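Worksheet for the structure shown next.
The values are calculated or read from the model by the stated rules, or taken from the named source; none is laboratory data. Computed from a predicted model, the values in this text were never measured in an experiment. Cβ: placed from backbone, ideal geometry, glycine included. Neighbour counts: every protein chain shown. What goes into the accessible areas is simple: the full protein's heavy atoms, side chains included, and nothing from ligands, DNA or RNA. Shrake-Rupley method; radii C 1.70, N 1.55, O 1.52, S 1.80 Å.
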Amino acid sequence: MTTVTWTSDEIMTVTAARSLEDHMSCFVGIGLPSTAANVARRTHAPGLWMVYESGTLGTVPDHLPLSIGDGILADTADTVVSVPEVFNYWLQAGRIDVGFLGAAQIDRYANINTTVIGDYHSPEVRLPGAGGAPEIAASCREVIVIMRHSSRAFVDQVDFVTSVGHGRGKGDRERLGLRGAGPTRVITDLGVLEPDPGTGELVLTGVHPGVEIAQVTEATGWDLRTAENVIGTPAPTDTELSVVRSLTGAR
């Protein structure tokens, strides 16, 4: 039996950080994506080039920013440009390697909803909305999604497509003229899902220590397929946990 000494947020953060390589350009969002990118830069990817939506390029904050408008981002950036330039010159032109996104809902083809739960005209819940997420999903060379796993969040079909993942299956992104590869990994508090190369449908490829495959399938709102070999996520190292906790103020 695995003794778990980390939180669900910590295992998600560490797993996401490991997905980033040195010298990548990364479009970073606030929250777990920001923590993951900063953990990667402090551990195995010191040359990670971080871009925030506010227009800070190559920022190296010494603490986690509170928002995209936090002054530490501008103070430590290589340069600061306008928001239109971030999107028009860097993002839409395909110059960003990887983007991080969260979601309120995600479906079997990794389409993302951050707009409404329920009917658009009479929603049960109105969510924060799109922001820059549709452009990130469309134009980054790849996208990593980080979110908690539940049948309410992982649904057969999202209530509203805020950001296109793989549409209705393989080939839809090309048909829609979307530049990037779309979501290549979905990292949750239970494991890792990746799109099937042939269909674009999300498949369970990894589970975190102490998690059973049945837990993941039960927490998914469609008949989740599993890879032939579902791997176990390596446990966070003491160094990784130390970096995460120093950034978040956890003990």
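Overview of values
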item: Some residue of the stretch 233-244 being farther than 23 Å from Gly131 by Cβ and charged (D, E, K, R); result: yes
item: Single unsatisfied condition, Leu20 versus (1) outside any loop (DSSP other than H, G, I, E, B); (2) at pLDDT 95 or above; (3) not small (Gly, Ala, Ser); result: (1)
item: All positions within the stretch 159-178 that are closer than 17 Å to Leu101 by Cα and open to solvent by 10 Å² or more (accessible area, probe 1.4 Å); result: Phe160, Val161, Thr162, Val164, His166, Gly167, Leu178
item: Some residue of the stretch 239-246 being closer than 18 Å to Glu10 by Cα, in contact with a strand residue (DSSP E or B) (Cβ under 9 Å, 6 or more places away or on another chain) and of a type outside the set (D, E, K, R); result: no
item: Single match in Gly177, Gly198, Gly131, Gly182 (criterion: farther than 30 Å from Ser54 by Cβ and not β-branched (Val, Ile, Thr)); result: Gly198
item: Residue match in the stretch 45-63 (condition: part of a loop (DSSP other than H, G, I, E, B), free of Cβ contacts under 8 Å to residues at least 12 places away in the same chain and either open to solvent by 60 Å² or more (accessible area, probe 1.4 Å) or in contact with a helix residue (DSSP H, G or I) (Cβ under 8 Å, 6 or more places away or on another chain) (or both)); result: no
item: Filtered residues of the stretch 200-223 (kept if under 21 Å from Gly167 (Cα atoms), free of Cβ contacts under 8 Å to residues at least 40 places away in the same chain and under 21 Å from the mean Cα position of the chain (by Cα)); result: Val203, Leu204, Thr205
item: Subset of the stretch 117-135 (residues that are touching a Leu at 6+ places or on another chain (Cβ under 6 Å) and either closer than 17 Å to Ala16 by Cα or of a type in the set (A, V, I, L, M, F, W, C) (or both)); result: Ala133
item: The stretch 232-251: number of residues that are open to solvent by 30 Å² or more (accessible area, probe 1.4 Å) and either among the hydrophobic types (A, V, I, L, M, F, W, C) or part of a strand (DSSP E or B) (or both); result: 3
item: Single condition Ile117 does not satisfy, out of (1) modelled with pLDDT of 95 or more; (2) in a loop (DSSP other than H, G, I, E, B); result: (2)
item: Check on Glu174, over 22 Å from Leu32 (Cα atoms) and without any contact (Cβ under 8 Å) to a residue 12 or more places away in the chain; result: yes
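Residue-by-condition table, conditions (1) more than 22 Å from Ser19 (Cα to Cα); (2) open to solvent by 60 Å² or more (accessible area, probe 1.4 Å); (3) polar (S, T, N, Q):
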{"residue": "Thr114", "(1), (2), (3)": "yes, no, yes"}
{"residue": "Met147", "(1), (2), (3)": "no, no, no"}
{"residue": "Ser150", "(1), (2), (3)": "yes, no, yes"}
{"residue": "Trp222", "(1), (2), (3)": "yes, no, no"}
